[in-house]
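Below is one structure; the comments refer to it alone.
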Amino acid sequence: MGGLTRVATIIDYEWRRALAKKSIFALIILAIVFQTLIMVGERAASAEGFVTTDLSLIWITGVLEGGLFVQLIAVIVGGGSMSEEYEHGTADILLSKPIKRVEYMSGKFLGGLSLLAMVEALITFVGVVLSLAFFGAQSGLQFAPIMVLAIIYSSLIFFCLSFMFSEVFRGTTLAILLAFAVFIASLVISPTLTFLYGTSARALPAWAATEFPSLVMSELITGSSVLPPRDLGALGQASLIIAVYAILFTLIAAYRLLKSDVTKKTD
């Protein structure tokens, strides 16, 4: 069995392991419910004459708001990816097989990331269907696939962060809580840093993770009441910040896995 086949086997295993978690399905359902509530609210506002957005582009709002849940799902998937194998004692079994550690980590990483891609594609599809059902024909639907890719890319920061915590600390609860703490803390302190230091707050991971999709969309559809035009400089910064954080966190996780002893079950 070649290296690619072994990686594919781990990817399949990671899908089955992650989908066994009820929390992931709960967040997907919450995302869809949240999208539905947004459409209901906009429909009610439209009926009363209180229209604040371009209804021909309302699908963007539903997709972007639903995409916030992808960050939470990314933390849960990444936070348990490596650590659960240590906690359940299966890491020893998997790493004792004829598989390299790089292949093992690649399969775990790509399995979690591809699952996130599937979830985001589903959330985007639901957002588009709801917008069509509530408001009829929509503009700019040709950009929906790009939105999927943009939100997947934006989720890399917190997926890689929780993945790193999962390998470094080898505890699922700790990894998830730490990643959530970083996410919430960076969201909370971002306004203060922006007020005090201006654009330096953009270095916080939550800024790039939450702003990148809307920055991409604003460059594709400009002049709308939904997404006002923004500068390409902000988009480039967000793209670079995501890449730097994702690469750094992944390298730390790889170093920890490659340099550590074969693990044993944690108490």
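The values are calculated or read from the model by the stated rules, or taken from the named source; none is laboratory data. The model shown is predicted, which means the values in this text are computed figures rather than measured ones. Cβ sites come from the backbone with ideal geometry, for glycine too, and all protein chains shown count toward neighbours.
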Exercise. Could you please let me know if Val70 is buried (at least 21 other Cβ atoms within 10 Å of the Cβ) and modelled with pLDDT of 90 or more?
Key: no
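Yes or no, residue by residue, for (1) modelled with pLDDT under 95; (2) more than 30 Å from Val102 (Cα to Cα); (3) not aliphatic (A, V, I, L, M):
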| residue | (1), (2), (3) |
| --- | --- |
| Ala175 | no, no, no |
| Ser186 | yes, yes, yes |
| Ser190 | yes, yes, yes |
| Thr194 | yes, yes, yes |
| Tyr197 | yes, yes, yes |
| Ala209 | yes, no, no |
Practice problem: Would you check if there is a residue in region 154-174 being over 24 Å from Phe249 (Cα atoms), among the aliphatic types (A, V, I, L, M) and surrounded by fewer than 21 Cβ atoms within 10 Å (Cβ to Cβ)? | Solution: no
Self-check item: Positions within region 233-254 being modelled with pLDDT under 95 and under 15 Å from Ser83 (Cα atoms), in sequence order
Solution: none
Exercise. Go over the candidates Val75, Val102, Val7 one by one and state the one that is in contact with a Phe, Trp or Tyr (Cβ under 7 Å, 6 or more places away or on another chain), among the β-branched types (Val, Ile, Thr) and at pLDDT 90 or above.
Key: Val75
Quiz item: When the residues of region 219-232 are filtered to those that are among the charged types (D, E, K, R) and in a loop (DSSP other than H, G, I, E, B), which remaining residue is modelled with the lowest pLDDT?
Solution: Arg230
Exercise. Among what's in region 154-173 and is hydroxyl-bearing (Ser, Thr, Tyr) and under 23 Å from Phe125 (Cα atoms), pick the residue that is nearest to the chain's Cα centre (by Cα).
Key: Ser155
Quiz item: Can you name the condition, by its number, that Leu95 falls short on among (1) more than 30 Å from Met39 (Cα to Cα); (2) buried (at least 22 other Cβ atoms within 10 Å of the Cβ)?
Solution: (2)
Practice problem: Test each condition in (1) farther than 21 Å from Tyr245 by Cβ; (2) assigned to a helix (DSSP H, G or I); (3) at pLDDT 90 or above; (4) not aliphatic (A, V, I, L, M) for Cys160 and report the one that comes out false. | Solution: (1)
Quiz item: Of all residues in region 174-188, how many are in contact (Cβ under 8 Å) with a residue 60 or more places away in the chain and over 19 Å from Ser260 (Cβ atoms)?
Solution: 4
Practice problem: Scan the helices (runs of 4 or more DSSP H) fully inside region 1-109 and keep the ones with 1 or more residues being more than 30 Å from Leu257 (Cα to Cα). | Solution: 22-47, 58-81
Practice problem: Scan region 125-153 for residues that are buried (at least 18 other Cβ atoms within 10 Å of the Cβ) and within 13 Å of the chain's Cα centre (by Cα) and report the count. | Solution: 6
Quiz prompt | Filter result for Ser186 (in a helix (DSSP H, G or I) and of a type in the set (S, T, N, Q)) | solution = yes
Self-check item: Members of region 179-207 found to be more than 24 Å from Leu235 (Cβ to Cβ) and within 16 Å of the chain's Cα centre (by Cα), listed by number
Solution: Ala179, Phe180, Ala181, Ile184
Quiz item: Hey, any hits in region 112-122 for a residue that's hydroxyl-bearing (Ser, Thr, Tyr), at negative phi, crowded, with 18+ Cβ neighbours inside 10 Å and part of a helix (DSSP H, G or I)?
Solution: no
Self-check item: Flag for Lys108 being under 24 Å from the mean Cα position of the chain (by Cα), among the charged types (D, E, K, R) and within 19 Å of Ala254 (Cα to Cα)
Solution: yes
Quiz item: Give me the pairs: first residue in region 30-48 and within 19 Å of Val119 (Cα to Cα), second residue at pLDDT 85 or above and among the small types (Gly, Ala, Ser), beta-carbon distance under 6 Å, and six or more apart or on different chains, which are they?
Solution: Gln35/Gly127
Self-check item: Matching residues, region 1-44, being over 30 Å from Leu57 (Cβ atoms) and buried (at least 19 other Cβ atoms within 10 Å of the Cβ)
Solution: Val7, Ile10, Ile11, Glu14, Arg17, Ala18
